[in-house]
Amino acid sequence: MGKDASIIMDCTDLSYALGARLISFQKVVGGFSSVSIDSRTVLPGALFVALAGAAQDGHRYIRSAFERGAVAAMIARSRWEDPDQELKAAAQEYSGILLVVEDTLKSLQDAAAYYLNQFPQLFKIGITGSSGKTTVKEIAAAMISQEKAVVMNQGNLNSETGLPLSVFMVRPFHEVGIFELGMNRHGEIEEITRVLKPHIALITNIGSAHIGFFGNKQAIAEEKKAIFSQFSGNERALIPADDPYRDFLAEGIKGQALFYGSQCKELGSIQDQGIQGFEILWDGVSAHFSLPGIHNVQNMLAAAAIAKEIPIRPQSIRKGIESVQGIFGRSEILRGSVTLIRDCYNANPESKIGAIAMCDAFVHTGRRIYVIGAMLELGAESSRMHEMVGRRLAASKADLVCLYGKETQAAAEALHTAPQVPFFYTDSMEELSSYLSNCRRSGDMVLLKGSRGCALEGLTDTLLPELKTAEGAC
């Protein structure tokens, strides 16, 4: 009997690759068909990796993982040697397999790297930067998929765990893998770059996101530059031509450093159509790009730089430009009694000021309401950067500003100097929702912009109640 087509890796092979101890309660050691680090998402046939974090310890959920159909679990040696034999009992009861390793996080990453090595035909692309990673990834996929079979991270699974989990989505028919790499600690980009080993690596920009962890932009640039750390000589680094750190990012790379941006030869005229996006002349032919805001044109140019290096034909790049749709929480436009701009998946000072400028530039006859959530992970710079955003709001075209989160107090203080811009401040989502429910009017344009932790998308039903009604209708 042949191997089950759903099996992506054999447990015995993986144990040898990791130097893991394999303990099996099966008659015949088999393989697994997916990988999970959350017992609630385990599918039948999965490998469950028990990670130990500050808030949760995955080893507590081994039994739950086996109950849901996991065939194997990766556990830490220290937990196997614990006198409490619950792990052994659970594996024995469900005829499971245990892979015993020193460090489950490192072994998850090593397993992903080993798995990825099984696909030498896969052309691998890595994307990092302070903002725009997901948008660039999605646009690049829209372009490249016109000619190639593409695999990419789902959502923004781009972390020390998200990137390895994304790698396990690769299948033999995939030709190009596009993966974004994020970070919130020193060394994380290099760590997950060792898993991916990209042939092309692109940096979108160097901004202030996560400056609370790194202290300054130079340190952020050094961390982002680590996406080039696995180059051996033939790889290509794509660097934004107009970024202040471009020369630093290009210095000392073991590969080819290429600069991208508005000077690309295929780009002709750009006609701003406001909230409708842009009409772009690409290689002499017009194409409509539906994402508004000049920052999204920059994201499109980054994606095109990747596609050109594959290479993808200009007409396929143009088709990709035309096929791009709004991405959840990233310049996403929802229309109804109000026009809602959900740009609330994440925020740093640069992206927040860019979103304000974008909404100021739109032609709109109704009121403009800017709902601004806190920017998180800014550390000692938080007060200064929120004040900077407050000053920009004071000079904006907003008819009303709503500030949410205690960090935005500094922005509120800046707005006190601009009485022509009324504002409301609260650190209660319930208060904010009630306020917006009472003050919203038909024809308003509302911007939602804040860090992921603010969850401003929860205001959608308040601002567009007819969408909720429509979803519930028969």
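The values are calculated or read from the model by the stated rules, or taken from the named source; none is laboratory data. As the structure is a computational prediction, the values presented were derived from the model and not from experiment. We place every Cβ from the backbone using ideal geometry, glycine too, and count neighbours over all the protein chains shown.
The table below gives the values:
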read-out: Inter-residue pairs, beta-carbon under 9 Å, first part of a strand (DSSP E or B) and in region 141-160, second among the basic types (Lys, Arg), 6+ apart; value: 151/171; 152/137
read-out: Yes/no for residue 219 being surrounded by fewer than 18 Cβ atoms within 10 Å (Cβ to Cβ), under 24 Å from the mean Cα position of the chain (by Cα), over 16 Å from residue 128 (Cβ atoms) and hydrophobic (A, V, I, L, M, F, W, C); value: no
read-out: Exclusive hit being crowded, with 22+ Cβ neighbours inside 10 Å and touching an Asp or Glu at 6+ places or on another chain (Cβ under 7 Å), set 403, 448, 432; value: 448
read-out: Filter result for the condition that a residue is outside any loop (DSSP other than H, G, I, E, B), surrounded by fewer than 19 Cβ atoms within 10 Å (Cβ to Cβ) and in contact (Cβ under 8 Å) with a residue 12 or more places away in the chain, over 113, 73; value: 113
read-out: Residue in region 372-393 that is in the same structural domain as residue 357 (by TED's automatic domain parsing) and farther than 23 Å from residue 346 by Cβ present; value: no
read-out: Residue among 410, 418 that is in contact with a His (Cβ under 9 Å, 6 or more places away or on another chain) and not assigned by TED's automatic domain parsing to the domain that holds residue 210; value: 410
read-out: Among residues of region 345-391, those that are closer than 21 Å to residue 291 by Cα and in contact with a Cys (Cβ under 9 Å, 6 or more places away or on another chain), counted; value: 6
read-out: Region 42-57 - residue that is small (Gly, Ala, Ser) and in a strand (DSSP E or B) and, of those, modelled with the lowest pLDDT; value: 52
read-out: Scan of region 360-380 for residues that are within 23 Å of the chain's Cα centre (by Cα) and part of a helix (DSSP H, G or I), ordered by number; value: 379
read-out: Output for region 211-249, where each listed residue is acidic (Asp, Glu) and within 26 Å of residue 264 (Cβ to Cβ); value: 235, 242, 243, 247
read-out: Single residue of region 1-37 satisfying the filter (within 24 Å of residue 103 (Cβ to Cβ), outside any helix (DSSP H, G or I) and aliphatic (A, V, I, L, M)) that is modelled with the lowest pLDDT; value: 29
read-out: Residue check, residue 341 more than 29 Å from residue 376 (Cα to Cα) and either at pLDDT 95 or above or of a type in the set (Ser, Thr, Tyr) (or both); value: no
read-out: Number of the exception - residue 253 against (1) under 20 Å from residue 304 (Cβ atoms); (2) touching a strand residue (DSSP E or B) at 6+ places or on another chain (Cβ under 6 Å); value: (1)
read-out: All positions within region 427-440 that are farther than 14 Å from residue 370 by Cα and not aliphatic (A, V, I, L, M); value: 427, 428, 430, 431, 434, 437, 438
read-out: Every pair of residues 6+ apart whose Cβ atoms lie under 9 Å, when the first sits in region 76-96 and is part of a helix (DSSP H, G or I) while the second is surrounded by fewer than 13 Cβ atoms within 10 Å (Cβ to Cβ); value: 77/102; 78/102
read-out: When residues of region 367-381 are limited to those that are out of contact with any Asp or Glu (no Cβ under 8 Å at 6 or more places or on another chain) and farther than 17 Å from residue 443 by Cβ, the one surrounded by the fewest Cβ atoms within 10 Å (Cβ to Cβ); value: 380
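Table: residues versus (1) in a helix (DSSP H, G or I); (2) outside the structural domain of residue 242 (by TED's automatic domain parsing); (3) buried (at least 23 other Cβ atoms within 10 Å of the Cβ); (4) not aliphatic (A, V, I, L, M).
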position: 169; (1), (2), (3), (4): no, no, no, no
position: 178; (1), (2), (3), (4): no, no, yes, no
position: 186; (1), (2), (3), (4): no, no, no, yes
position: 190; (1), (2), (3), (4): yes, no, no, yes
position: 201; (1), (2), (3), (4): no, no, yes, no
position: 225; (1), (2), (3), (4): yes, no, yes, yes
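Yes or no, residue by residue, for (1) within 20 Å of residue 161 (Cβ to Cβ); (2) out of contact with any Phe, Trp or Tyr (no Cβ under 9 Å at 6 or more places or on another chain); (3) surrounded by fewer than 19 Cβ atoms within 10 Å (Cβ to Cβ):
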| residue | (1), (2), (3) |
| --- | --- |
| 4 | no, yes, yes |
| 27 | no, yes, yes |
| 40 | yes, no, yes |
| 55 | yes, yes, yes |
| 59 | yes, yes, no |
| 67 | no, no, yes |
| 97 | no, no, no |
| 104 | yes, yes, no |
